[in-house]
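A.B. asks: Just dropping this structure here.
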Amino acid sequence: MTTRGGLEIPSEIADGSLARDGVRRIEWAAREMPVIGEIRRRFARERPLEGVRIAACLHVTSETANLMLALHDGGAELRLCASNPLSTQDDVAAALVHVYGIPTFAIRGEDAATYARHLDEAVGHRPQLTIDDGADLTALLHTSRRDLIADVAGGLEETTTGVIRLRALAAEGRLAYPIVAVNDADTKHFFDNRYGTGQSTLDGVIRATNVLLAGKTLVVCGYGWCGRGLASRARGMGAQVVVTEVEPLPALEAAMDGYRVMPIAEAAAEGDIFITVTGNINVIDEEAFGRMKSGAILANSGHFDSEINLPALEALTEARRTLRDNVEEYVLADGRHLVVLAGGRLVNLGAAEGHPASVMDMSFANQALCAEYMAAEHAGMEPRVLDVPPEIDREVARLKLAAMGIRIDALTDEQRRYLSSWDAGVPADPEA
């Protein structure tokens, strides 16, 4: 608990004295987030979230802070916890509590018990809306905290892994309230997943290791939007890119994009660097470990630390040592050395700062506008996973273009009529 201006603010953070550093970091990110800034100004005028209790489980970074400030200025009563133990920026958490008065429960490097306690604290004010990055809050409310579920009107989900979990819950008929899959908005996955993950993942690998990517064989496991962006940026830095896939269509796309495509068991013998971006489990497994060259580097940029089978790697290991921050070497029984970055967790947040703010500007603009939409329209919604309304997607794109100083054409009335007709161009009946 923290006291600010005579008010007690529920919180658990690492160090309140870091708050001023956090403010500077938040303000720096805001320079690259003009869309969420414009939404924040409108929210402050209109107060569309007045009194709405929101629990958010997100990466506690400077970009997330700008979303929280927009929701706060819109009238929301917020509680925020971390969606990953390694992604929290402790100075940002301090600023949110001590400067902006937003209850925050996040400590970089927190253990599993603390992480679970923080999730529980985030729902302690009986939320009406949830904002998730990975569906941990949703899972909590559908299991041990079902006593709170009657108050929840709806939710939002930020990432691919979370949407996968939610669709599984809905398929079982157990999803208790409607949730908008913000991850699936075009202005989210086209830009956040492709450009954000592509750049920030390589940023994390380079910050952790300082390796030269040019000339290396880099294996991208998964060719969804994140994999596309990662492969493109790795090739741009001179790496020879190999893609592994389980689905025929993205595998074909990767081949047509000019990458070599093969099973992980074959790629294992060739790769110098392996990066998983699938949202699945045990993507790199014991068979692959057995074929890797000594010195191979393994990293994950999927949401959970399940994509690299670390227990299987541990079973093959005789010794471990930390080489530098976020770089751990596993010495195998046969004498080979394999290197794991950021403990197998999100390397772009564990070893770097996550996505650039200009990309998160669009993702969090979607979150803010979908929160407004959900607060206003939830009564008519069924408990299922919903798409982002197209008008929100278009509005985010429009605001981003305006912020970039880019203008586009508009349809003429004639063009609108043409696009809405079926008989344009049909030859006239000569007997008519």
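A.B. asks: Can you find even one residue in region 142-155 that is part of a helix (DSSP H, G or I) and either under 18 Å from the mean Cα position of the chain (by Cα) or buried (at least 24 other Cβ atoms within 10 Å of the Cβ) (or both)?
C.D. replies: Taking every residue of region 142-155 in turn, none turns out to be part of a helix (DSSP H, G or I) and either under 18 Å from the mean Cα position of the chain (by Cα) or buried (at least 24 other Cβ atoms within 10 Å of the Cβ) (or both).
A.B. asks: Among the residues of region 95-104, is any modelled with pLDDT under 95 and either out of contact with any strand residue (DSSP E or B) (no Cβ under 6 Å at 6 or more places or on another chain) or not acidic (Asp, Glu) (or both)?
C.D. replies: No, region 95-104 contains no residue that is modelled with pLDDT under 95 and either out of contact with any strand residue (DSSP E or B) (no Cβ under 6 Å at 6 or more places or on another chain) or not acidic (Asp, Glu) (or both).
A.B. asks: Can you give me the number of residues within region 305-325 that are in contact (Cβ under 8 Å) with a residue 40 or more places away in the chain, within 24 Å of Gly279 (Cα to Cα) and out of contact with any Cys (no Cβ under 9 Å at 6 or more places or on another chain)?
C.D. replies: 1
A.B. asks: If you don't mind, another one. Give me the pairs, please: first residue somewhere in region 208-220 and within 13 Å of Ala299 (Cβ to Cβ) and among the small types (Gly, Ala, Ser), second residue anywhere and open to solvent by less than 50 Å² (accessible area, probe 1.4 Å) and assigned to a loop (DSSP other than H, G, I, E, B), beta-carbon distance under 9 Å, and either six or more positions apart or on two chains.
C.D. replies: From residues that are within 13 Å of Ala299 (Cβ to Cβ) and among the small types (Gly, Ala, Ser), the pairs are Ala208/Ala351; Ala208/Ala352.
A.B. asks: Here's a follow-up. Ala214 passes all but one of (1) open to solvent by 10 Å² or more (accessible area, probe 1.4 Å); (2) under 15 Å from the mean Cα position of the chain (by Cα); which number fails?
C.D. replies: Ala214 satisfies every listed condition except (2).
A.B. asks: Check whether at least one residue in region 389-400 is in a loop (DSSP other than H, G, I, E, B) and open to solvent by 40 Å² or more (accessible area, probe 1.4 Å), and report yes or no.
C.D. replies: no
A.B. asks: Right, here's the next one. Could you tell me which numbered condition Tyr418 fails, if it satisfies all but one of (1) in a helix (DSSP H, G or I); (2) at pLDDT below 95; (3) within 25 Å of the chain's Cα centre (by Cα)?
C.D. replies: (3)
A.B. asks: Restricted to region 164-198, and to residues that are under 11 Å from the mean Cα position of the chain (by Cα) and either more than 15 Å from Phe364 (Cβ to Cβ) or of a type in the set (S, T, N, Q) (or both), which residue is surrounded by the most Cβ atoms within 10 Å (Cβ to Cβ)?
C.D. replies: So, considering only residues that are under 11 Å from the mean Cα position of the chain (by Cα) and either more than 15 Å from Phe364 (Cβ to Cβ) or of a type in the set (S, T, N, Q) (or both), the one surrounded by the most Cβ atoms within 10 Å (Cβ to Cβ) is Thr197.
A.B. asks: May I pose another question? With respect to Ser17, determine if the residue is among the hydroxyl-bearing types (Ser, Thr, Tyr), crowded, with 19+ Cβ neighbours inside 10 Å, more than 22 Å from the chain's Cα centre (by Cα) and farther than 29 Å from Lys400 by Cβ.
C.D. replies: Criteria not met by Ser17.
A.B. asks: Next up: Any residue in region 228-238 that is under 21 Å from Ala288 (Cβ atoms) and surrounded by fewer than 19 Cβ atoms within 10 Å (Cβ to Cβ)?
C.D. replies: no
A.B. asks: While we're looking at this one, here's another question. Restricting to region 240-271, give me the number of residues that are within 20 Å of Ile297 (Cβ to Cβ) and either touching a residue at least 60 places away in the same chain (Cβ under 8 Å) or among the β-branched types (Val, Ile, Thr) (or both).
C.D. replies: Qualifying residue count for the region: 5.
A.B. asks: Show me the helices (runs of 4 or more DSSP H) entirely contained within region 22-138 in which 1 or more residues are more than 22 Å from His189 (Cβ to Cβ), open to solvent by 10 Å² or more (accessible area, probe 1.4 Å) and without any contact (Cβ under 8 Å) to a residue 24 or more places away in the chain.
C.D. replies: Ranges flagged: 34-46, 112-122.
The values are calculated or read from the model by the stated rules, or taken from the named source; none is laboratory data. Since the structure is predicted, the reported quantities are computational estimates derived from the model, not experimental observations. Glycine gets a Cβ as well: all are built from the backbone with ideal geometry, and neighbour counts include every protein chain shown. Only protein heavy atoms, including side chains, enter the accessible area calculation; ligands, DNA and RNA are left aside. Shrake-Rupley method; radii C 1.70, N 1.55, O 1.52, S 1.80 Å.
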